[in-house]
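Shown next, in structure tokens, is the structure this report addresses.
The values are calculated or read from the model by the stated rules, or taken from the named source; none is laboratory data. The model shown is predicted, which means the values in this text are computed figures rather than measured ones. Don't worry about glycine lacking a Cβ; one is built from the backbone with ideal geometry, like all the others, and counts go over all protein chains shown. Note: accessible area is taken over every heavy atom of the protein model, side chains too, but ligands, DNA and RNA are not part of it. Shrake-Rupley method; radii C 1.70, N 1.55, O 1.52, S 1.80 Å.
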Amino acid sequence: MKLGRNEICPCGSGKKYKRCCMDNKSKQQAEALDDLSNIAATNPNLTLDELHVVAEHKAHEHNNRPNIDFCSLSPSQLANWIYAPFNELTDITINTPNDLSSSPVMSYLKIILDEAMQNNGSFKATATGNLPVKLVKKASTLLPQFAVAKFNIHESISDYAGVNENKFNALHYTRILAEIAELIYRRNGHYHIKKSVQKTYQEQGIQAFFKPMLETAIYQYNWGYLDNWEQEIHLGAFWVFMLWRLQNHSCVNQLLKELKVAFPDLLAEISQDPYFTEEQLLSLLITSRFIDRFLQFWGFIITDQKQGFNRDETPQKVEIQPLLTQTFQFSV
């Protein structure tokens, strides 16, 4: 079957074929044939089956060779991070920290579950289907204990406090994740939690839901849900790579540069905008969808909100929190 230009390159790089091996295909084929010819010439007793094994070994060697474009990851390593299921990722260990009180998402989930547990497994939703005001107020009181951007401390401008769920992004995000993860569900004007979830919560505590919520946030949640950017770019596929790089240098600008080199097609997927270049839009999307909402909502980092959007080369730094290093441990 002929490989399409826009299909993922079979080398395992994660790039489209037209941006990766298509232009070098003839050269690569010639080099591979030369290698096999030399091996066959110097080992005349090799059978066709043995030559086939040698060819497979050469391909494996190529796919596991460090690549400077991938920050010295091999194509095989990068392909695993992009395509492997949550529980089959390599070179990264994902743990459940013992103390989740510094995580806004997990703290809000605990409030939601506690409210239901105290009322025989359910509580009344608002007329619009949101969480009740009593619960929203309780969640708002937690803001001072979180390590989040200190600039947004007033409930009218903070993602971590509000007068109702519609004006409380981190809480709304948590409720949506809990529904997608099937920890809660709404029926007949009430939010309910299943008997199995109640039992698990009683026996194991909030830690039992850390990984299910995390997996839901990464693979099932729409990362663009809470913003107004009309860009369908799927950053979630690159979350492990971005997390790994950010743990290394804590610099958003450097992360952007590394993404552009490793995944050049990202810029091509961004629609033109009269006010921003493709690079500026990519930076905005990474900042809003990955940095501010995913990492900060979970309590993994602190950002400096006073910096705003950088059009110059001034480094945008983030402050790595203990919860991040306790959760994600890399072996590369």
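So how many residues does the range 262-306 have that are closer than 30 Å to residue 206 by Cα and open to solvent by less than 40 Å² (accessible area, probe 1.4 Å)?
Final tally of qualifying residues: 18.
What about residue 254, is it under 18 Å from the mean Cα position of the chain (by Cα), of a type outside the set (A, V, I, L, M, F, W, C) and surrounded by fewer than 20 Cβ atoms within 10 Å (Cβ to Cβ)?
Here the answer is yes, as residue 254 does meet what is asked.
How many residues are in contact with a Phe, Trp or Tyr (Cβ under 8 Å, 6 or more places away or on another chain), modelled with pLDDT under 90 and outside any helix (DSSP H, G or I) if we restrict to the range 233-271?
So the count comes out to 1.
For the range 272-285, which residues satisfy the criterion of being farther than 24 Å from residue 215 by Cβ and in a helix (DSSP H, G or I)?
278, 279, 280, 281, 282, 283, 284
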